[in-house]
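A.B. asks: Below is the structure I would like to discuss, written out as structure tokens.
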Amino acid sequence: MTAACFEHRPVIGTSTERMAWFENELLQVCGEYSTELWAWVVLPNHYHILLHTDDVLGLLADIGKLHGRSSHRWNGEDNTRGRQVWCGATETAMKSDRHFRATLNYVHHNPVKHGYVTRWQDWPFGNAREYLECVGREEAERAWEEYPIGDYGKSWDV
């Protein structure tokens, strides 16, 4: 699942407190619907989540409510009532194990791709650090080589 701020404006990332609040709220919503939550990252203008759910429509509805709550809150904080904050959320079913593993790498690599950090584990608003601690450096490097991301996401993640 992916969602971006309208026109990729960094509305989420105006402060570390806002980023942390949104990450917490997002994980709460996802936790209610996911049977497995493998990867997530929240960036200043978009987020990605790799999870399994048996109720994607319910999850999307509650993500929509989260987008509404966060828009209202942030537009109040920024004195910008009426501003469009979100473009909506898009979900994509994994087509194969290779697609899943490349997506896992992509989600963890996203802060590096966008130039926020040089190492996955340095970005505080995601689970790359925990992933690396769990699988170990050698396995993460093996997975990176076996399931490269190439230009994955190039047409939609700008």
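The values are calculated or read from the model by the stated rules, or taken from the named source; none is laboratory data. Everything numeric in this text was worked out from a predicted model, so none of it was measured. Glycine also receives a Cβ, built like all others from the backbone with ideal geometry; neighbour counts cover every protein chain displayed.
A.B. asks: Is it the case that region 90-97 has a residue that's modelled with pLDDT of 90 or more and not in a loop (DSSP other than H, G, I, E, B)?
C.D. replies: Checking region 90-97: at least one residue is modelled with pLDDT of 90 or more and not in a loop (DSSP other than H, G, I, E, B).
A.B. asks: So for region 62-74 (the condition being among the hydroxyl-bearing types (Ser, Thr, Tyr) and either touching a strand residue (DSSP E or B) at 6+ places or on another chain (Cβ under 6 Å) or modelled with pLDDT under 95 (or both)), does at least one residue qualify? Break it down stepwise before answering.
C.D. replies: In the first step, residues of region 62-74 are kept if they are among the hydroxyl-bearing types (Ser, Thr, Tyr); the result is 70-71.
So of that shortlist, the ones also either touching a strand residue (DSSP E or B) at 6+ places or on another chain (Cβ under 6 Å) or modelled with pLDDT under 95 (or both) come out as none.
Looking for residues that are among the hydroxyl-bearing types (Ser, Thr, Tyr) and either touching a strand residue (DSSP E or B) at 6+ places or on another chain (Cβ under 6 Å) or modelled with pLDDT under 95 (or both), one finds none in region 62-74, hence no.
A.B. asks: Mind listing just one residue for me: the one in region 3-20 that is in a helix (DSSP H, G or I), over 14 Å from the mean Cα position of the chain (by Cα) and of a type outside the set (D, E, K, R) and, of those, farthest from THR80 (Cα to Cα)?
C.D. replies: The extreme case among them is THR16.
A.B. asks: What is the residue count in region 47-83 for residues that are part of a loop (DSSP other than H, G, I, E, B) and under 21 Å from SER34 (Cα atoms)? I'd like the intermediate steps shown before the answer.
C.D. replies: Of all residues in region 47-83, those part of a loop (DSSP other than H, G, I, E, B) come to 54-55, 78-83.
This time we only want the ones that are under 21 Å from SER34 (Cα atoms), so: 54-55.
Adding up the residues that qualify gives 2.
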